[in-house]
Ligand code: ADP
């Protein structure tokens, strides 16, 4: 087989930070990349990336963008799938496959898929809005506590409402939704797994997410995770079964709940590079971005071996600051051994806006966590 990578036109839908990091990996191979995003100041608006300004929810815009590309991929799921289906029919190689993106865009369809494929996930029902949720509580079909999720459009916990008691019913969302059992979570884990055209798969080591209960945000993402070998291989097997069930090409980030009783349940998936794989840039032999490229271009998958334990932290805008971003304490952080900085090029900071991330490498995961705590205390994004 021969392939001319620098003559291969790759279109990426979405110009956020994941798109930027995917471009950086693609540039190592000198692929000819093009990005579309509605925001002319998005993370991909650097001189080295060919950016088209356009709304990726619009059929004609996506269709026009994709027509002359050899390959198309995504860094976000909220896009016009019908345009991708039309392009696929015309011979553009679209990965992940549009039918997979369509299914994953809707958390209701995702849950039905897991049920049909007998992949373990929390119990659920699908409802139309607030009134039907209240009716189902009255008739005993739903019991408090439960979790309400908007079927479409949610991200980073937006579109998720936990009902622990009667007072929480006030905050119910009025939209088509999934009502799930509230899971008794011991740990939140994630596995990124890749699958290429030949159906070969390879998973990255399991990552553990530690949440800040006050801010309801991921505080640390650490790898290796503090779980038994048995749970680790169970999590990897579930993620691999999941990507095989989707019969898809590319990488799939599988978010999992390890329950207090030792079960592993699929929470949700994303068929693209994911926040839970940022650390792979420095910590693994192959990054999630390179792996995605290998998978979609029909190449052999790379080794996912962990070179060093790592902790990833998001760099968020400080509360109470809005305006042109300044990074306080950055130089002290740069003097920490194993500290690697990634900034997303967002000019303005806002409270809790994701401005970048840092990966901290150390042979000892506990030391990496200590250093990550130091960075969290020192590094402030202010205006
Ligand atoms: P998003 O797509 O916005 O990230 P998720 O479905 O991942 O939404 O939910 C966000 C968070 O809400 C999860 O990381 C978890 O902490 C909590 N959560 C979601 N579903 C459940 C559930 N069924 N039981 C308990 N907690 C849940």
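The values are calculated or read from the model by the stated rules, or taken from the named source; none is laboratory data. None of the values given here were measured: they were computed from a predicted structure. Cβ coordinates were reconstructed from backbone atoms using ideal geometry, including for glycine residues, and neighbour counts include every protein chain displayed.
Residue-wise test of (1) more than 14 Å from the ligand (Cβ to nearest atom); (2) surrounded by fewer than 18 Cβ atoms within 10 Å (Cβ to Cβ); (3) without any contact (Cβ under 8 Å) to a residue 24 or more places away in the chain; (4) under 30 Å from residue 305 (Cα atoms).
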site	(1), (2), (3), (4)
152	no, yes, no, no
167	yes, yes, yes, no
182	no, yes, no, no
194	yes, no, no, yes
211	no, yes, yes, yes
218	no, no, no, yes
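State whether the residues of the stretch 47-57 include one that is in contact (Cβ under 8 Å) with a residue 12 or more places away in the chain, closer than 25 Å to residue 341 by Cα and surrounded by 16 or more Cβ atoms within 10 Å (Cβ to Cβ). Within the stretch 47-57, one or more residues are in contact (Cβ under 8 Å) with a residue 12 or more places away in the chain, closer than 25 Å to residue 341 by Cα and surrounded by 16 or more Cβ atoms within 10 Å (Cβ to Cβ).
Picking from residues in the stretch 154-165 that are buried (at least 16 other Cβ atoms within 10 Å of the Cβ) and near the ligand (Cβ under 9 Å from one of its atoms), the one that is farthest from residue 102 (Cα to Cα) is 160.
For the stretch 125-147, filtering for residues that are closer than 14 Å to residue 106 by Cα and within 13 Å of the ligand (Cβ to nearest atom) leaves 1. Checking the structure you have, find out if any residue of the stretch 171-180 is within 6 Å of the ligand (Cβ to nearest atom) and in contact (Cβ under 8 Å) with a residue 40 or more places away in the chain. Checking the stretch 171-180: at least one residue is within 6 Å of the ligand (Cβ to nearest atom) and in contact (Cβ under 8 Å) with a residue 40 or more places away in the chain. If you check residue 52 against the conditions, is it in contact with a helix residue (DSSP H, G or I) (Cβ under 9 Å, 6 or more places away or on another chain) and part of a strand (DSSP E or B)? It is true that residue 52 is in contact with a helix residue (DSSP H, G or I) (Cβ under 9 Å, 6 or more places away or on another chain) and part of a strand (DSSP E or B).
For residue 223, the test of being under 23 Å from the mean Cα position of the chain (by Cα) and either at pLDDT 95 or above or more than 10 Å from the ligand (Cβ to nearest atom) (or both) is passed. In summary, strands (runs of 3 or more DSSP E) completely within the stretch 279-383 and bearing 3 or more residues that are over 21 Å from residue 75 (Cα atoms), free of Cβ contacts under 8 Å to residues at least 60 places away in the same chain and in contact with a strand residue (DSSP E or B) (Cβ under 8 Å, 6 or more places away or on another chain) occur at 326-328. State whether the residues of the stretch 87-106 include one that is without any contact (Cβ under 8 Å) to a residue 24 or more places away in the chain, surrounded by 17 or more Cβ atoms within 10 Å (Cβ to Cβ), touching a helix residue (DSSP H, G or I) at 6+ places or on another chain (Cβ under 9 Å) and on the phi > 0 side of the Ramachandran plot. No - not one qualifying residue is present in the stretch 87-106. Against the list (1) in a helix (DSSP H, G or I); (2) touching a helix residue (DSSP H, G or I) at 6+ places or on another chain (Cβ under 6 Å); (3) under 25 Å from residue 287 (Cβ atoms), the condition residue 27 fails is (2).
Checked against the criterion of being touching a residue at least 40 places away in the same chain (Cβ under 8 Å), in a helix (DSSP H, G or I) and either buried (at least 22 other Cβ atoms within 10 Å of the Cβ) or touching a strand residue (DSSP E or B) at 6+ places or on another chain (Cβ under 9 Å) (or both), the stretch 253-265 has no qualifying residue. Residues in the stretch 90-105: is at least one over 30 Å from residue 262 (Cβ atoms), within 13 Å of the ligand (Cβ to nearest atom) and either out of contact with any strand residue (DSSP E or B) (no Cβ under 9 Å at 6 or more places or on another chain) or modelled with pLDDT of 95 or more (or both)? For the stretch 90-105, residues over 30 Å from residue 262 (Cβ atoms), within 13 Å of the ligand (Cβ to nearest atom) and either out of contact with any strand residue (DSSP E or B) (no Cβ under 9 Å at 6 or more places or on another chain) or modelled with pLDDT of 95 or more (or both): present.
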